[in-house]
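**Student:** Starting off with a structure, shown below.
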Amino acid sequence: MKRGVTIFILSTVVVLGFAVHSVWTLLGLLVATGREDAILRGELPAPNSGTINERPQLIPKIIHQTYKNESIPEHWKGPQQSCLDLHPDYEYKLWTDKKAREFIAAEYPWFLETFDGYPYPIQRADAIRYFVLHHFGGIYIDLDDGCNRSLDPLLAYPAWVRRTLPTGISNDAMGSVPRHPFFLKAIDSLTDYNRRWPLPYITVMASTGPLYLSIIWRHYNNASPDDENRVRILFPDEYNNHPWSFFTHHVGNSWHNTDVKIIFWLARHWVFVTFVGFLLGFSLLGMLYKIFILNKQPLSPRLSPKTRGFERFAYTRIPFYRRISSKDLELEDRHEV
Ligand SMILES: *[C@@H]1O[C@H](CO)[C@@H](O)[C@H](O)[C@H]1NC(C)=O
């Protein structure tokens, strides 16, 4: 019985250890604020300030966007035009499915098999943005994001991404110099993270999307604390909450399915979900404990099968604080002999 308990506790510890280890990066994401890498509003020149041109311009003046073909839907033409209008001196690259595939085949042929094999088109749209930023540098903007002011001040950082609340970073607007180590890590890890999960939304998020990039960001942060290559973080206020923010957001997540609703519901009720999870987990452990440890108590071998049944019955009827182990019963028997 003692050995059983020890094994039980040990295996519980091992299972819990594995569980915590496998979600360690995710747990880390919950507490990673990115504050230490924030692009502070104080360092950003006002929209029409003359000091904008005095700042270094590290990121090349290129705007990247993606769509399946050249016919951009009507509701995204407004946001797209707002970015074109504010950046007449920028090169504009629209990565259609065809161009994206040709680019990968020509420049990153080792990735073509994974690229072609993605089950969801949005995964290719996610992946291509990391590759073009790594290759050309520039600023990637989702088609549903419009520009609210010139992005020139953001050219002053070697790489920047946007913080999302409550956790992680997004891949809907990002800037980088060519061959930045963060985007190198992002393209290099894609094949490792190319896994299928039970829901399409999770598969997309974790294999190429914002969750993937957040995990890469988390690992990258830990790996390179040196200042020069750190990835700066654009916070919501600077992103799109105010008249002086950089972007405006327009509705239109074209690939959201029903599983998104489930995920969002889980995210909104995460305290409840965590609680239920723990409850289920511990009930299961309790049940296993009962089945495998408590029921294994050896019964007195000298009792006949009939009395044994009776003994078990009697045993269960005694309140737990007055219960005696079967060893005690055995000793008592011996005493009587
Ligand atoms: C682009 O894709 C849309 C939607 O699938 C389609 O209706 C349209 O005809 C395509 N345009 C071109 C130029 O192929």
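The values are calculated or read from the model by the stated rules, or taken from the named source; none is laboratory data. If you're wondering where the values come from, they're calculated on a predicted model, not measured in any experiment. So basically every Cβ, Gly included, is an ideal-geometry build from the backbone, and we count neighbours across all protein chains shown.
**Student:** For a quick check of your reading of the model, give me the residue pairs whose first member lies in the range 188-209 and is among the basic types (Lys, Arg), whose second is surrounded by fewer than 17 Cβ atoms within 10 Å (Cβ to Cβ), with beta-carbon atoms closer than 8 Å and at least 6 apart or on different chains.
**Tutor:** What qualifies is ARG196/PRO119.
**Student:** Looking at (1) modelled with pLDDT under 70; (2) touching a Cys at 6+ places or on another chain (Cβ under 9 Å); (3) not hydroxyl-bearing (Ser, Thr, Tyr), find the lone condition where PHE246 falls short.
**Tutor:** That leaves (1) as the condition not met.
**Student:** Anything in the range 74-116 that is among the aromatic types (Phe, Trp, Tyr) and under 31 Å from the mean Cα position of the chain (by Cα)? List them, or say none.
**Tutor:** TRP76, TYR92, TRP95, PHE103, TYR108, TRP110, PHE111, PHE115
**Student:** Ok, one more. If you go through the range 111-124 one residue at a time, do you hit one that is within 16 Å of the ligand (Cβ to nearest atom), under 22 Å from ARG179 (Cα atoms) and crowded, with 20+ Cβ neighbours inside 10 Å?
**Tutor:** There is at least one residue in the range 111-124 that is within 16 Å of the ligand (Cβ to nearest atom), under 22 Å from ARG179 (Cα atoms) and crowded, with 20+ Cβ neighbours inside 10 Å.
**Student:** Could you grab me the full set of residues in the range 59-91 that are over 21 Å from TYR120 (Cα atoms), within 16 Å of the ligand (Cβ to nearest atom) and surrounded by fewer than 19 Cβ atoms within 10 Å (Cβ to Cβ)?
**Tutor:** Matches in the range 59-91: GLU74, HIS75, LYS77.
**Student:** Oh, and also: Would you call VAL177 more than 14 Å from the chain's Cα centre (by Cα), surrounded by 18 or more Cβ atoms within 10 Å (Cβ to Cβ) and of a type in the set (Val, Ile, Thr)?
**Tutor:** Against the criterion (more than 14 Å from the chain's Cα centre (by Cα), surrounded by 18 or more Cβ atoms within 10 Å (Cβ to Cβ) and of a type in the set (Val, Ile, Thr)), VAL177 qualifies.
**Student:** Given (1) surrounded by 12 or more Cβ atoms within 10 Å (Cβ to Cβ); (2) modelled with pLDDT of 85 or more, identify the lone condition not met by LEU40.
**Tutor:** Unmet condition: (1).
**Student:** Hey, does the range 214-233 have a residue that's closer than 23 Å to PRO56 by Cα and touching a Lys or Arg at 6+ places or on another chain (Cβ under 7 Å)?
**Tutor:** Yes, there is a match, as at least one residue in the range 214-233 is closer than 23 Å to PRO56 by Cα and touching a Lys or Arg at 6+ places or on another chain (Cβ under 7 Å).
**Student:** Moving on to the next point. Of all residues in the range 30-48, count the ones that are under 24 Å from the mean Cα position of the chain (by Cα), part of a loop (DSSP other than H, G, I, E, B) and not polar (S, T, N, Q).
**Tutor:** Within the range 30-48, residues that are under 24 Å from the mean Cα position of the chain (by Cα), part of a loop (DSSP other than H, G, I, E, B) and not polar (S, T, N, Q) number 3.
**Student:** Give the number of residues within the range 223-243 that are surrounded by 13 or more Cβ atoms within 10 Å (Cβ to Cβ) and modelled with pLDDT under 65.
**Tutor:** Result for the range 223-243: 1.
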